[in-house]
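One structure is given here, and the rest of the page talks about it.
The values are calculated or read from the model by the stated rules, or taken from the named source; none is laboratory data. Only a predicted model underlies this, so the values are computations on that prediction, with no experimental measurement involved. When we count neighbours, we look across all protein chains shown, and the Cβ atoms used for this are built from the backbone with ideal geometry, even at glycine. These area figures cover heavy atoms from the full protein model, side chains too; ligands, DNA and RNA do not enter into them. Shrake-Rupley method; radii C 1.70, N 1.55, O 1.52, S 1.80 Å.
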Amino acid sequence: MAAGRDIKGSALGDNSRVTYVEKQYVVPPGASVRWAGARGRGALLVGMFASLCVVALVGVQQGWLPRAGGASGAAASASTAPPHAAVSTSPEARIDNSGGWGPGRKTFTMQKPASYPVFNSITDNRVHGDERNFVQCRDKQDGNERYADQVIANDGHHYRCYFFFNNDITPAFDTRVVDGKEYPNPAAALQGSRARVLLPPEALYNPAVRGLLSAENSITVWDSCNFVAPRRIRFTYVPGSARMHVKGVANGGVPLKETQEAGVMKSGLTVAPGALLGDRQDGFLFQNGGFLIFEIKVAYAS
């Protein structure tokens, strides 16, 4: 999933909107959206391989990993081991390599959208690219870093996560005419539409931030962003950080509804069944796709 083309939101200006004849899409400032394509899973493995190479290099520089020695054949052999061997793990360590998007589903284009409500299935969105790849993250403390679906995890840093959503039904079905007047067509809406984020409850190697989109009248789809580090990683959602950006909503978005008790989320983005989407957060999602922004904190486990 590392391959693809970038869309630089900064080139559009902060909170910019790009309007097309059929739909309106918004990208967050500084976003670099990478698309999965038909070879999404294969590209994910290439991205993971490259990320682990970076981890190995950083480990040598920081002293986490030994430098290769020339005096011993065994040392030379160890220095050329596959990148996944560079991170030392115990036999019982859990490694999360389940990134990627899914499920496999019928896809559409901007010129030939779906004839029924469906989440994120257009492959040539003019701004986003392939909508099946809809979760990306970046280090909030690095202003130059772009959104990506493979990131290096730094202990104690906060990460901003981008979660794109869209109803890909053709605009021709969006309204119905009654007595010469146009009204929204309920059959064209994703009903009971929700977004949910799954964060691993335990510390893992290479964990994923996984996003799910569900509705009463559509299949559930998912995508993920993987974090790589030389140690096990634990995620913590930053309470109150989730905001929804859709057409007609003021710049900066609106807070997603959530409830917390004693620091534990009882309803909202990170617990079942998830947060309601739509410009009124009522679950009715027509052609006004948008995105969520939320934050997590990364901590290395001892």
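Values computed for the structure shown
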{"read-out": "Principal axis box of segment 250-294, alpha-carbon based, largest edge first, Å", "value": "36, 22, 14"}
{"read-out": "Hydrodynamic radius of segment 178-286 per Kirkwood, over alpha carbon pairs, in Å", "value": "15.8"}
{"read-out": "DSSP-assigned coil residues among chymotrypsin sites (Phe, Trp or Tyr not before Pro) in segment 193-261, each with at most 12 further Cβ atoms within 10 Å", "value": "none"}
{"read-out": "Heavy-atom accessible area ranking, 1.4 Å probe, most first, across VAL238, VAL118", "value": "VAL238, VAL118"}
{"read-out": "Sequence of LYS266, LYS297, LYS257 when ordered by accessible area, the most exposed leading, probe 1.4 angstrom", "value": "LYS257, LYS266, LYS297"}
{"read-out": "Integer Hz, Karplus 6.51/-1.76/1.60 couplings in order for segment 193-203, x for Gly and Pro", "value": "6, 9, 10, 9, 10, 9, 10, x, x, 10, 6"}
